[in-house]
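Notes follow once the structure below has been shown.
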Amino acid sequence: MNIEEYIESAEKENRLERYHCNSIDFYLVTGPDGWVSVLRCDCGIVRPLIQARTRNYALRFCELTELINAPIDRL
C-alpha cells in the first residue's frame, strides 16, 4: 500500500484529520491500535514524519515544527 492509498483508506474510515500549524499542512491518521501517524503535506508531496502515542503528542509535534525561511548552504 502506498501513501496515497493509506490516506484514502483512512479518510473512508474517518481516521484522517487535517491539521494546519505554522504554515505547514499535516495529516493525522489514527491507527486501529490508537497510535497517530503524522504526515507532512508539502506542495502535493506527502512524507511520513513520526508516530505518536496519543493525539496530544502528535499535535505537540506539529506545533513545535517550523519551516526554515533562510537559505542553508551547509548543515
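Read-outs throughout are calculated quantities, based only on the coordinates presented, and are distinct from any laboratory measurement. A quick note: this is a predicted structure, and the numbers were derived from the prediction, not measured. For neighbour counting, all protein chains shown are included, and Cβ atoms are generated from backbone atoms with ideal geometry for every residue, glycine included.
Among the residues of region 20-75, count how many are of a type in the set (Asp, Glu) and not in a loop (DSSP other than H, G, I, E, B).
Matching residues across region 20-75 total 3.
Scanning region 1-19 for residues that are touching a residue at least 12 places away in the same chain (Cβ under 8 Å), surrounded by 13 or more Cβ atoms within 10 Å (Cβ to Cβ) and not in a strand (DSSP E or B) gives Ile3, Tyr6, Ile7, Ala10, Arg15. Suppose we keep only residues that are small (Gly, Ala, Ser) and exposed (fewer than 10 other Cβ atoms within 10 Å of the Cβ) within region 35-75. Which one would you say is nearest to the chain's Cα centre (by Cα)? Residue satisfying both the conditions and the ranking: Gly44.
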